[in-house]
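Asker: First, the structure itself, so that you have it in front of you.
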Amino acid sequence: MKLISHLRRIPPHVGIIGVIIAVVAGASVALLLSRSEPKAEAVFVPRAARVERVDGNVGIARAPENTQNPEWTGAELNTPLAVGDRIYADRNSRAAIAFTGRNYARLDSGSALDVLSLADRRTQLALRSGSAIFDVGDLAPGELFEVATPGGAVDFYEPGLYQIGIGDGGNTIINVLSGLAQVVGLAGTGQISKGEVLTLIGQTAAQVLLSRIAPDFAGGLLNDYFGYRYPNIYDGRYSDYDYYLNDPYYYDPYRHSISYQYLPEDIAGAYDLDYYGDWVDVDGYGRCWSPHVATDWAPYRYGYWDVDDVYGPTWVSDEAWGWAPYHYGRWALVNGRWYWVPQQAISQPVYAPALVAFVPVAQTNEIAWVPLAPGDPYVPRYYDTNFNPHYISSPDVITQVASLQQTFVNMSVPQAITAVPVERFTSYIEPAVVTQVDPQLIAQSRAVLDPLAVESLREVVVRDENAPHKLKAKWIDQQVFNTPVVTSVEPVIPPARADIAQALQVQPVPEKHKKNRLNIQESNQPVAALQPGNVPPIPQPHASERAQERGQRIAELATQAAQGDRSAKREMKRLEREQRREAASGSQVFIPQQTPIEQSRQQRKMQKQLERQQRQATVNQQPAQNAPRAWSVEREQRKAQKRAERAMIQQQRASVIQQSSQQAQWHEMRKAQKQAERQQRQQQMIIQQQRQQQAVPQMDRQQRKLERQQRRQQQQVVVQQQPTVVAPQMDRQQRKLERQQRRQQEQAATTQVYRAPVYSTPPQKADQAPAYNATQPSYQPDRAQRKLEKQQRKAGRGNQ
């Protein structure tokens, strides 16, 4: 019903054109659905990221079927990136990608990035080489923004600024300038907070180093990034790292952009509208945006059509602001000025490759297009490998659109129509290549939403030979995209790109590995410089303050454990195990800690020294005759205390040995029990197999026996129904009798021929006797007849 309400809100000044193009209405929507009976899909929502800036050589590969030798195109401003697409920045090159209005990434020199997922509340990328800075301005509760790397997946838990780099040997370096991140890998899970640098050594992350970032170095990174992203307004204030930490969102476009007061933050590039147009109130449409352009300007006239996109021919605009107005909302011409109407983009921001209607002009072999106006229908779609459309909506919506008989409003506006020869469709579009078409021919043509419904245009799209943006980029290192990466969860692959899941080479971390904690080894060496490619260096491991704090904590827990605190004892054991793991790795200096017994010994030693000093002072004050006696008593007390300590130590050792022995016995018993259970299961399997093997012959014999009994019963039934003569004997006698009858009939026929011969000579006279014929005796028929009767009588007696 929302769609119907939009259709009824067409301004009055354009209502008069409905009569002129009413003939086109039914055919337009019919061709929308007539291509191949499209399938309706209501779960998947089209999404795309925007290439916001390109410096140097940057290439894009569209989810290639041939992953070994894909077809690369040159990345340009406003080029869309969908799931499965790859982008590569050459040496001394950079590129910027906007995922939403507040989530942004900058690729540095030699960076290779894959788009794994662009779903609702989920963005997953794969960085396989180089380095990149990810500026996350907003994360909803439960939203996942993840960068997969060869060493592990980096999940951004809070909005912030993160740098991720891939060094030599596959080492992954994560630098958290602000925010909170979690690393999930095959070796376990760990967190990094602001001001920390985490290094995963090797692709298996067998060694993990944690260090701090030098403030001066952090200030240099911030100056470089914010100067790149906001070259016109950045004033260098973030050279002081502490200043940045106090106000990291000073340049957040969502806080300063006028356009984001009227648009949702899901739409990327809306802040560009502030500099290239004005927001005004338009009657019937509300708050609209109008660009600063020439009087003869029209939408979708400066750029080119990218025909490799999975969503169909996609408009890539040359205009700096040409992202949001060409992929969201509608266009309307009011009082001779074009306005972008974002009503539908605000209510439901669904990405579209181009919101236009295509008009084939068959008489001149041209193709024209007009921007959709407010209220014009549009159903999201994608194309399979055979270029057949699949509409992403429910069947009810498609049926509703088909039954509305909607017209395209801007077809009546001559300056809204852009027409070019069909063979120039994949070339750069500018006013020089636009042709003038007779409005009557436009009115007689059938406008469609599906461009591949036009046969001539479909052939151009399938060939795709004349696209000037195609390039043979020998500078692209294709091998880096063959590096496997690790993700925390399986990427969400839409049905439009289901065939590229294997080519992404993604390895999700098993759940059992996520429960483990990373063995993080701290370093006192701060990170203060960059390697080539803007990758932070690998710090050297040293004993850190954290290890010393752990040692102090163990000493405190030992004192509490000696007093009988079991929880302190468990915590102390856990810290000791962590310390032993770090010592076994050999990469961090291990500071040994005292056991509870050693701690008590140390305390007693210090106490003895204090007592000795006190006794010495007492002896100096007491008379000489009392000294030997006092010393002897104290000596006996110390001996007794030492004996008690030795006994306690021996008892503890005996208990430890006994406990170890009991554990060993228990393990042996458990091992023997498991072995017995295993043998029992094997015996049961052997017995079961033998029973099955024996059961098969028995079943075969029983089956054959049953079949023989059935055949006997059938034969008995047949015999009971027949006369007393056995059936086989009756058959033989019957056949014998038939043969005899045939012989007799043949003989009788032969006899008749001889009795009535046909003579060719004239008949003899009556007094002349016929000549004797020795070959035909007259007695043979009588003898044969008698023989036949005799046999019949014998047969009759046999039957009786």
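The values are calculated or read from the model by the stated rules, or taken from the named source; none is laboratory data. Note that the structure is predicted; figures quoted are calculated from it, not measured. No Cβ is skipped: glycine too gets one built from the backbone with ideal geometry, and neighbour counts run over all protein chains shown. Heavy atoms of the whole protein, side chains included, go into the accessibility calculation; ligands, DNA and RNA do not. Shrake-Rupley method; radii C 1.70, N 1.55, O 1.52, S 1.80 Å.
Asker: Using the heavy atoms of the protein chains and a 1.4 angstrom probe, tell me the accessible area per residue for segment 348-455 in square angstrom.
Answerer: Numbers: 4020 Å² over 108 residues.
Using a 1.4 Å probe on heavy atoms only, each residue of segment 348-455 averages 37 Å².
Asker: Determine the share of segment 354-399's accessible area contributed by carbon and sulfur atoms, expressed in whole percent, with a 1.4 angstrom probe.
Answerer: 55
Asker: Round to the nearest 10 and report in Å² the accessible area of residue 107, as given by a 1.4 Å probe over the protein chains' heavy atoms.
Answerer: 0
Asker: What whole-number distance in Å separates the alpha-carbon centres of segment 165-222 and segment 361-388?
Answerer: Segment 165-222 and segment 361-388 have Cα centres spaced 48 Å from each other.
Asker: Could you order 340, 279, 666 by accessible surface area, starting with the largest, using a probe radius of 1.4 Å?
Answerer: Correct descending sequence by accessible area is 666, 279, 340.
Asker: Taking every pair of alpha-carbon atoms in segment 333-467, what share in percent sits in each 5 Å bin, from 0 to the bin with the longest distance?
Answerer: Calculated P(r), rounded to whole percents: 2, 9, 17, 21, 21, 16, 11, 3, 0.
Asker: What accessible area per residue, rounded to a whole number of Å², is obtained for segment 141-246 using a probe radius of 1.4 Å?
Answerer: Per residue, segment 141-246 has an accessible area of 34 Å².
Asker: Right, something else. Considering all alpha-carbon pairs of segment 89-149, what whole percent are spaced by more than 14 angstrom?
Answerer: 54
Asker: Roughly what percent of Cα-Cα pairs across segment 162-221 reach past 19 Å?
Answerer: On the way: 452 of 1770 pairs.
For segment 162-221, the share of Cα pairs beyond 19 Å comes to 26 percent.
Asker: Please list, by residue number, every one of the trypsin sites (Lys or Arg not before Pro) in segment 71-141 that is coil in DSSP and has at most 12 other beta-carbon atoms within 10 Å.
Answerer: Sites meeting the loop and neighbour criteria: 121.
Asker: Between residue 438 and residue 233, what FRET efficiency follows from the Cβ-Cβ distance if R0 is 45 Å, with the result rounded to 0.05?
Answerer: Details: r = 49 Å, r/R0 = 1.09.
Computed FRET efficiency for residue 438 and residue 233: 0.35.
Asker: Just going by the charge dipole of segment 337-449, with Lys and Arg at +1 and Asp and Glu at -1 on Cβ, which of 419, 394, 365 is farthest out on the positive end?
Answerer: About the Cα centre, the residue reaching furthest to the positive side is 394.
Asker: Measuring from label point to label point, each 7 Å out along Cα→Cβ, what is the residue 283 to residue 690 span in nm?
Answerer: Placing both labels 7 Å along Cα→Cβ, they lie 10.0 nm apart.
Asker: May I ask you to evaluate 6.51 cos²θ - 1.76 cosθ + 1.60, the Karplus curve with θ = phi - 60°, for each residue of segment 70-86 and list the ³J(HN,Hα) values in order in whole Hz, giving x for glycine and proline?
Answerer: Couplings: x, 9, 9, 10, x, 6, 9, 4, 6, 6, x, 10, 10, 4, x, 6, 10 Hz.
Asker: Pulled fully out, how much extra length does the chain show between residue 794 and residue 482, if you take 0.36 nm times their separation in residues and subtract their Cα-Cα distance?
Answerer: Net length gain for the segment: 102.4 nm.
Asker: Taking 41 Å as R0, compute the FRET efficiency from the Cβ-Cβ separation of residue 387 and residue 247 and round it to 0.05.
Answerer: It comes to 0.20.
Asker: Pulled fully out, how much extra length does the chain show between residue 783 and residue 639, if you take 0.36 nm times their separation in residues and subtract their Cα-Cα distance?
Answerer: Between residue 783 and residue 639, full extension yields an extra 36.6 nm.
Asker: Sticking with this one: Using 0.36 nm per residue of separation minus the Cα-Cα distance, give me the extension gain between residue 672 and residue 705 in nm, one decimal.
Answerer: On the way: separation 33, 0.36 × 33 = 11.88 nm, distance 4.92 nm.
Full extension from residue 672 to residue 705 adds 7.0 nm.
Asker: While we're looking at this one, here's another question. How much of the accessible area of segment 206-309, in percent, comes from carbon and sulfur atoms when a 1.4 Å probe is used?
Answerer: 47
Asker: Would you rank 394, 131, 567 by solvent-accessible area, highest first, keeping every protein chain in place and using a 1.4 Å probe? Before the final figure, lay out the partial values.
Answerer: Values: 394 35, 131 0, 567 65 Å².
Ranked from most to least accessible, the order is 567, 394, 131.
Asker: Still on this structure: Assign one of three labels to segment 42-117, namely rounded, prolate or oblate, based on the Cα gyration tensor with a ≥ b ≥ c the square roots of its eigenvalues; rounded applies when a/c is under 1.5, prolate when it is not and a/b is larger than b/c, and oblate otherwise.
Answerer: Cα axes put segment 42-117 in the oblate bin.
Asker: Further, regarding this structure: Just flag the chymotrypsin sites (Phe, Trp or Tyr not before Pro) in segment 346-452 sitting in loop per DSSP whose Cβ has no more than 16 other Cβ atoms within 10 Å.
Answerer: Hits after loop and neighbour filter: 387, 428.
Asker: May I pose another question? Largest first, how would 189, 364 line up by accessible area (1.4 Å probe)?
Answerer: 364, 189
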